[in-house]
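Student: I have a structure I would like to understand better, so I am pasting it below and will then ask my questions one at a time.
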Amino acid sequence: MTKIAVEIAGIKMKNPVLAASGCYGFGREYNQLYDISRLGGIMTKGTTLEPKLGNPTPRLAETPAGMLNSIGLQNPGVDKVILEEIPWLRTFDVACIVNISGYSIEEFEIIAERLDGVSGVDGLEVNISCPNVKGGGMAFGTDPHTAALVVKRVKAKTKLPLIVKLSPNVTAITEIAKAVENAGADAVSLINTLLGMVIDIKQRKPILANTMGGLSGPAVKPIAVRMVYQVYTAVEIPIIGMGGITTFEDAVEFMLAGASAVAIGAGNFTDPFAPLKVIDGLEKWLEQEGIKDVREIIGGCK
Amino acid sequence: MTKIAVEIAGIKMKNPVLAASGCYGFGREYNQLYDISRLGGIMTKGTTLEPKLGNPTPRLAETPAGMLNSIGLQNPGVDKVILEEIPWLRTFDVACIVNISGYSIEEFEIIAERLDGVSGVDGLEVNISCPNVKGGGMAFGTDPHTAALVVKRVKAKTKLPLIVKLSPNVTAITEIAKAVENAGADAVSLINTLLGMVIDIKQRKPILANTMGGLSGPAVKPIAVRMVYQVYTAVEIPIIGMGGITTFEDAVEFMLAGASAVAIGAGNFTDPFAPLKVIDGLEKWLEQEGIKDVREIIGGCK
Amino acid sequence: MVVSIKASILENKKILPDFYRLKIAVPQISKTAVPGQFVMIKTSSTLDPLLRRPISLHRINRDVGTIELVYQVLGKGTILLSEMVQGELEVMGPLGNGFSWQQSFKRTAIVGGGCGIAPLLTLAEHLIGNGQEVHVLLGAQNKEKLLNEADFKELGCKVLVATDNGSSGRKGFVTEILEELISTTNLDQVYCCGPLPMTNGVIKLTKSKMIPCQVSLEERMACGIGACLGCVCQVRNEDGTIGYKRVCHEGPVFNASELIFEKD
Amino acid sequence: MVVSIKASILENKKILPDFYRLKIAVPQISKTAVPGQFVMIKTSSTLDPLLRRPISLHRINRDVGTIELVYQVLGKGTILLSEMVQGELEVMGPLGNGFSWQQSFKRTAIVGGGCGIAPLLTLAEHLIGNGQEVHVLLGAQNKEKLLNEADFKELGCKVLVATDNGSSGRKGFVTEILEELISTTNLDQVYCCGPLPMTNGVIKLTKSKMIPCQVSLEERMACGIGACLGCVCQVRNEDGTIGYKRVCHEGPVFNASELIFEKD
Ligand SMILES: Cc1cc2nc3c(=O)[nH]c(=O)nc-3n(C[C@H](O)[C@H](O)[C@H](O)COP(=O)(O)OP(=O)(O)OC[C@H]3O[C@@H](n4cnc5c(N)ncnc54)[C@H](O)[C@@H]3O)c2cc1C
Ligand SMILES: Cc1cc2nc3c(=O)[nH]c(=O)nc-3n(C[C@H](O)[C@H](O)[C@H](O)COP(=O)(O)OP(=O)(O)OC[C@H]3O[C@@H](n4cnc5c(N)ncnc54)[C@H](O)[C@@H]3O)c2cc1C
Ligand SMILES: Cc1cc2nc3c(=O)[nH]c(=O)nc-3n(C[C@H](O)[C@H](O)[C@H](O)COP(=O)(O)O)c2cc1C
Ligand SMILES: Cc1cc2nc3c(=O)[nH]c(=O)nc-3n(C[C@H](O)[C@H](O)[C@H](O)COP(=O)(O)O)c2cc1C
Ligand code: FES
Ligand code: FES
């Protein structure tokens, strides 16, 4: 029997396939289609201190083999998440990683504090890379010093493992990765979305009400794989890789590049069963290749 | 009659559609299929001081709606280009912009000097953004100070208009654009390719012999449009926009974002007639929209 | 229950210059679907286009386990869809909340415009089945883009038509006909699906006359199931604050009273 | 002259479990094409896959203005290609430099392996037409993957086969047969197209026996016409230095003598 369980920053997962933040809500919707406990883990919708309405619509635009979103962190706020979402999610045998976003370092601290010790929360994904919010968001993740500062301060407020989510909109992703590692990050996840824009030529204005949005989906996969590969050589902490995964082959590619687990975002939209197909495909492939433990392929790209 | 002629940094073009550097050689090959003087301009293959063999193969990999290349600036060197390519290209009524690359600032200077005053050369595209050469290439284009220095020094060596080609692999493209404008650039062109990677899961190694390569094609278009839009608000000099253009709609999108002209790279591979279709489509669209001069749409995105 | 499965194409036929009718065998969806719900359709086996396309249910043939969709060919996805002549396609549904009615309704009006007419046929069928007098007001640019006039008549609806150029029915807007109808007839409910200006007009009119109105909205969608928060529309919460609801999940059908339109 | 045009699909048929034969009407290409040249085929109307696929000419039917291609279904592009049953597809060609021969040639051998056999049929036809004795040595994994044995025989070639598992012909490598042939027969020229290890073997063998050899190479291609410098292979220049030639333009057929293989 091939082993596909992994452990990342102390978080145990029955397989290395997660749902990416913001693409899976808190799991309720996809649970209509299949038992979400089949996944290795769920990274929740970005959670902020206060409830957020997010950006005006249109919030979505399709691009060649990709999509832009400018949701802008619509969410009910951390207290409601703790009260209404976590207790439900806790009933499933699936790692629950709460994705958190702050508009200031203090906000990050308070959210982390509130989630610390909440039963059912297995870890925090610290989003220092959201391109869709003004004053904060991505700005935290494009400068190594600020990124490190956020991590250090959040780390002090919680015993939960911290997975720091990196922005691809930077000149040197390895610098940011090293900075957050040194600041105490237990793992990194990458990539968040690339800043992009689509113009409606009939209307002569951007399709997105917010002008720009975050690009994700298969279009960005080569960039994501490259960044995972670079970060793998730069840091010791584990990596959760994402960006354009739709098939098990994509997942293997990320793991060979250095990811210890992968997350699926836009891929859920193309095929709601994508995560399950990735898990099954991965398991079969490992068997075919005679690999006894999925962890053997992590960073296996020569 | 709709006017589609443009002038960029003093270079007159009968239409705003160019062939992007490295995707069109020096025009000989595509001239077998159609008269290349139908284009507004040709940006030649990257030219270095010495002849270059480039990188080992495989140099190409396909990606979702895109492609990676790691050609590595294979070219016959500036002297041979002046002797064998320019005299041929000069016989066509098409703007000839020589794309130049140096491994040091001195090399940039010498190449620029040699091309200065060569009959048939209308301008230089200074490539400070090639991801496929070690020691130089992209490194020049990811730091505003170095970028500015290259431009200042090259500017002193030639009276030819300088179009500076920007790298998208940066945190703040507007900073680089402003720096090269202040240093004397007559125009900017963007985007060059994004650093990417594809892994062959059977072989467990990168498809490209050079490990990483430059991503281009429709996949990157939303990023390119966003960068053109940002740069347009940051500088006064004209912009040549590129990145994933395959249709006239794409070209219009770039011009609305702020480009005064556009270039087609990978689009030639999908359809060798893509540049002609873009020119014809653009002209028809302008007529339908009742726009008398293509220049009216530049930066027209509200 | 929502499913996502492969369904056999039984028919995919051009019914008007820009419109196709697609019939697929998918008992798992027709079994529970109600008028106003929609499906998300995968239009390509490649990664371009990436997203599924939302299309409303045009007919729900529960007895034979099929559904019919009517779609306008507009861009990439619908062009590819129109080229699928046989085989299977992947479809997820039934999605969202549909139209609702009460046993007590006597007289209702359905207002449809453009491709917004498509989801209203199965609604009309259900209302007629419920024993109501159903007035159907259809609007289109011209005769060639007018969907389903005959089908509504066949069901026994009272059909009135307006086209922009007068090539069929009255020259003008369907809202004008609605205004006349309201002034002469007592309506229990108005149902509306169509382009935004039309929907806006219908909402204003029904509001001013205090007639309950349900509208079906469109928004760009990614997941179609409520997870991505891409497709929201503004609503007034019960406490008076402004909030967002998901068109794909709480909608696409909303009570006009709860919606906030920007140009209110 | 190279053209890029739409061509009607006349036939697209499975001829072996993994192989299809595609016949298209394209007189502009068949008019000037020679054996060993190839075409670039657009396999999708969408942007994925982005690049055209290089496929060699399998038959050139100049009289009726058609060409035939034989391709193996491997990935995205060839899967899509195999699904095109009718209509038109975009094709650019004829591309590259083909095989060459001299009137004086008496006896030649053609060595093909896997899908590398495909371009050799039209070559054999031309060589036979030139009055030569043509030995054809075919290699494949197994019987089910062995292309065109009967076709070569029909042309009047002397055909010998080797398969990895012995399911047809000799169990072993085609290079072994070539070695025997060379030891018994005077060959003016060897032509070779197949997987790299086979090509390597054939080059070594012919080099050691001083028999001129032409090989057709494969490399990943983007433009297919010589503009992007993506598809190069290493050659020894006349002055002894190492250089690159474009497989799509100076190739795909090269004299073995000029090639440098990494594991030489
Ligand atoms: C709930 C719902 C039900 C619908 N029912 C029908 C129907 O029954 N018949 C019908 O003809 N059309 C219907 N539409 C509109 C239909 O979804 C779009 O016309 C279609 O998605 C356009 O796709 P395309 O590939 O042709 O266009 P493209 O322009 O290539 O599409 C690009 C992207 O924009 C989205 N998009 C484009 N137009 C619309 C639109 N009007 N609404 C939402 N997203 C859009 C597409 O889904 C895609 O993601 C419905 C839309 C929604 C939201
Ligand atoms: C000059 C030339 C002639 C050829 N003639 C034939 C022929 O007659 N019959 C035949 O079956 N095959 C032939 N091939 C190989 C054929 O081009 C590939 O099998 C095909 O491109 C694979 O495409 P895909 O979409 O199925 O695979 P994918 O793996 O999806 O292709 C991904 C990318 O890699 C490229 N690629 C993959 N395999 C190869 C390969 N072996 N050589 C070059 N590029 C490759 C594709 O073109 C594409 O750009 C030829 C190749 C070349 C260079
Ligand atoms: C609709 C949407 C919403 C997203 N919301 C968040 C979010 O709230 N927090 C976050 O860290 N990332 C968010 N992301 C980014 C994804 O988690 C993921 O990093 C990115 O989409 C790349 O993966 P993909 O290509 O598989 O989609 C969102 C992405 C999408 C498409
Ligand atoms: C095969 C290939 C070779 C290239 N060579 C060069 C080059 O020599 N110099 C340069 O400045 N850009 C080079 N580029 C980048 C293109 O000029 C262009 O900036 C980029 O590909 C984005 O445009 P596209 O998406 O239309 O291809 C090359 C691109 C490709 C695909
Ligand atoms: S489309 Fe994702 S929430 Fe509605
Ligand atoms: S494929 Fe472009 S040079 Fe050969």
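Read the figures in this text as sums done on the coordinates, not as results from a lab. None of the values given here were measured: they were computed from a predicted structure. So basically every Cβ, Gly included, is an ideal-geometry build from the backbone, and we count neighbours across all protein chains shown.
Student: Place a +1 charge on the Cβ of each Lys and Arg in region D:107-218 and a -1 charge on the Cβ of each Asp and Glu, then give the dipole magnitude about the Cα centre in debye, rounded to the nearest 20.
Tutor: Rounded to the nearest 20 debye, it is 260 debye.
Student: Stick to Cα atoms and the Kirkwood definition of Rh, then tell me Rg/Rh for region D:26-154.
Tutor: 0.99
Student: Restricting to DSSP H runs of at least four residues, report the calculated mean residue ellipticity at 222 nm for the protein assembly as shown, -39500 (n - 2.57) per run over all residues, nearest 500 deg cm²/dmol.
Tutor: That calculation yields -6500 deg cm²/dmol at 222 nm.
Student: Which residue, C:GLY230, C:VAL247, C:LEU22, has the largest displacement toward the positive end of the dipole of chain C when charges sit on each Cβ (Lys, Arg +1; Asp, Glu -1)?
Tutor: C:LEU22
Student: What is the dipole size for chain C, taken about its Cα centre, with +1 at each Lys and Arg Cβ and -1 at each Asp and Glu Cβ, in debye to the nearest 20?
Tutor: For this selection, approximately 200 debye.
Student: Another one. How far, in nm to one decimal, is B:GLN288 from itself in the other copies if the label point is set 7 angstrom along Cα toward Cβ? Shortest first, please.
Tutor: Here the equivalent label points are 4.5 nm apart from this one.
Student: Looking at the protein assembly as shown, send over the antiparallel percent of its DSSP beta bridges, to the nearest 5.
Tutor: Numbers: 110 of 214 bridges.
In the protein assembly as shown, approximately 50 percent of DSSP beta bridges are antiparallel ones.
Student: Quick check on my link table: of A:LYS277/C:LYS6; B:LYS277/D:LYS6; B:LYS202/D:LYS143; A:LYS292/B:LYS205; B:LYS3/B:LYS292, which ones sit more than 18 Å apart, alpha carbon to alpha carbon?
Tutor: Cα-Cα > 18 Å for B:LYS202/D:LYS143; A:LYS292/B:LYS205; rest within.
Student: Moving on to the next point. For D:LYS106, put the label point 7 Å out on the Cα→Cβ axis and report which residues of region D:163-185 keep their amide N under 19 Å from it.
Tutor: Hits in region D:163-185 for D:LYS106 at 19 Å: D:181-185.
Student: Something else now. Positive end of the dipole of region D:107-218, charges at C-beta (+1 Lys, Arg; -1 Asp, Glu), about the Cα centre: which of D:ALA150, D:CYS192, D:LEU127 has its Cα farthest in that direction?
Tutor: D:CYS192
Student: Across peptide B:223-232, how many C-beta atoms of other chains are within 10 Å of each residue C-beta, on average?
Tutor: The mean count of partner-chain Cβ atoms within 10 Å per residue comes to 5.
Student: From the gyration tensor of the Cα coordinates in the protein assembly as shown, what semi-axes in whole Å does the equivalent ellipsoid have, largest first, with each one equal to sqrt(5λ)?
Tutor: Values for the protein assembly as shown, descending: 51, 36, 32 Å.
Student: Starting from the Cα gyration tensor of region B:1-129, take the square roots of the eigenvalues, sort them a ≥ b ≥ c, and report rounded, prolate or oblate (rounded when a/c is under 1.5, otherwise prolate if a/b is larger than b/c, else oblate).
Tutor: Verdict is oblate for region B:1-129.
Student: If I build a Gaussian network model for chain B, linking alpha-carbon pairs within less than 10 angstrom, which residue out of B:GLN203, B:GLN230, B:GLN74 has the largest mean-square fluctuation?
Tutor: Largest GNM mean-square fluctuation: B:GLN203.
Student: Let me ask you something else. What pairs in C:LYS106/C:LYS158; B:LYS14/B:LYS157; A:LYS12/A:LYS165 have C-alpha atoms more than 21 Å from each other?
Tutor: Violating the 21 Å limit, Cα to Cα: B:LYS14/B:LYS157.
Student: So the label point goes 7 Å from the Cα of C:THR32 along Cα→C-beta, right? Which residues of region C:55-98 then have their backbone N under 15 Å from it?
Tutor: Only C:92-98 pass the distance filter.
Student: Right, something else. Does region A:133-210 come out rounded, prolate or oblate, given a ≥ b ≥ c as the square roots of the eigenvalues of its C-alpha gyration tensor, rounded meaning a/c under 1.5 and, failing that, prolate meaning a/b above b/c?
Tutor: Values: a/c = 3.04, a/b = 2.46, b/c = 1.24.
The shape class here is prolate.
Student: Looking for one value pair here: nearest-to-axis residue in chain C (by Cβ) for the rotation onto D, and the distance in whole angstrom.
Tutor: Measuring from each Cβ to the axis, the minimum is at C:ASP48, 2.
Student: Can you list the aspartates and glutamates whose alpha carbon sits under 13 Å from that of D:LYS153, skipping same-chain ones fewer than 8 residues off?
Tutor: Cα-Cα hits under 13 Å: D:GLU125, D:GLU133.
Student: Mean-square fluctuation check for chain C, GNM, Cα pairs under 10 Å: which of C:SER168, C:SER104, C:SER44 is largest?
Tutor: Answer for the Gaussian network model of chain C: C:SER104.
Student: Right, here's the next one. Excluding residues on the same chain fewer than 8 positions from B:LYS155, give the aspartates and glutamates whose Cα lies under 16 Å from its Cα.
Tutor: B:GLU106, B:GLU107, B:GLU109, B:GLU113, B:ASP116, B:ASP122, B:GLU125, B:GLU181, B:ASP186
Student: Other chains near A:208-221: what is the mean number of their Cβ atoms within 10 Å of each residue's Cβ?
Tutor: Across A:208-221, the average partner-chain Cβ count within 10 Å equals 5.
Student: Ignore the peptide's own chain and count Cβ atoms of other chains within 10 Å of each Cβ in C:78-91; give me the average, rounded.
Tutor: Neighbouring Cβ atoms belonging to other protein chains average 1 per residue here.
Student: Any idea what the dipole of region A:6-297 comes to, in debye rounded to 20, about its Cα centre with Lys/Arg Cβ at +1 and Asp/Glu Cβ at -1?
Tutor: Dipole of region A:6-297, to the nearest 20 debye: 700 debye.
Student: Using the beta-carbon distance between D:LYS209 and B:LYS202 and R0 = 51 Å, what value does 1/(1 + (r/R0)^6) give for FRET efficiency, to the nearest 0.05?
Tutor: My answer for the efficiency is 0.90.
Student: What are the label-to-label distances in nm, one decimal and shortest first, from B:PRO87 to the same spot in the other copies, with labels 7 Å along Cα to Cβ?
Tutor: Label point to label point, same position, other copies: 8.6 nm.
Student: Got the relative contact order for chain B handy, in percent, Cα pairs under 8 Å and 6 or more residues apart?
Tutor: 20
Student: State the answer as a single residue: which of B:GLY214, B:ASN192, B:ASN182 lies farthest towards the positive end of the charge dipole of region B:177-227, with beta carbon charges of +1 for Lys and Arg and -1 for Asp and Glu, about the Cα centre.
Tutor: Towards the positive end, the residue furthest out is B:GLY214.
Student: Taking a quarter of the surface of the Cα convex hull of region A:6-297, what do you get in nm²?
Tutor: 13.9
Student: Something else: Classify region B:178-280 as rounded, prolate or oblate from the Cα gyration tensor: take a ≥ b ≥ c as the square roots of its eigenvalues, call it rounded if a/c is under 1.5, otherwise prolate when a/b beats b/c and oblate if not.
Tutor: Oblate, since a/c reaches 1.5 and b/c is not below a/b.
Student: Using only the Cα atoms of chain C, what are the Rg and Dmax in Å?
Tutor: Calculated on Cα positions, Rg and Dmax stand at 17.8, 54 Å.
Student: Further question: Any idea what the A:LYS152 label distances to the other copies are, label 7 Å down the Cα→Cβ vector, nm, shortest first?
Tutor: Ordered by increasing distance: 3.5 nm.
Student: Over region D:107-218, what is the relative contact order in whole percent, taking alpha-carbon pairs under 8 Å and six or more residues apart?
Tutor: The normalised contact order for region D:107-218 reaches 28 percent.
Student: At what distance in angstrom do the alpha carbon centres of region C:89-147 and region B:234-275 lie from each other?
Tutor: Between the Cα centres of region C:89-147 and region B:234-275 lies a distance of 44 Å.
Student: OK, next. Which of B:ILE201, B:ILE237, B:ILE223 moves the most in a Gaussian network model of chain B with Cα springs under 10 Å?
Tutor: In the Gaussian network model the winner is B:ILE201.
Student: 7 Å from Cα along Cα→Cβ at both C:LEU10 and C:ALA150: what's the point-to-point distance in nm?
Tutor: Inter-label distance under the simple model: 2.0 nm.
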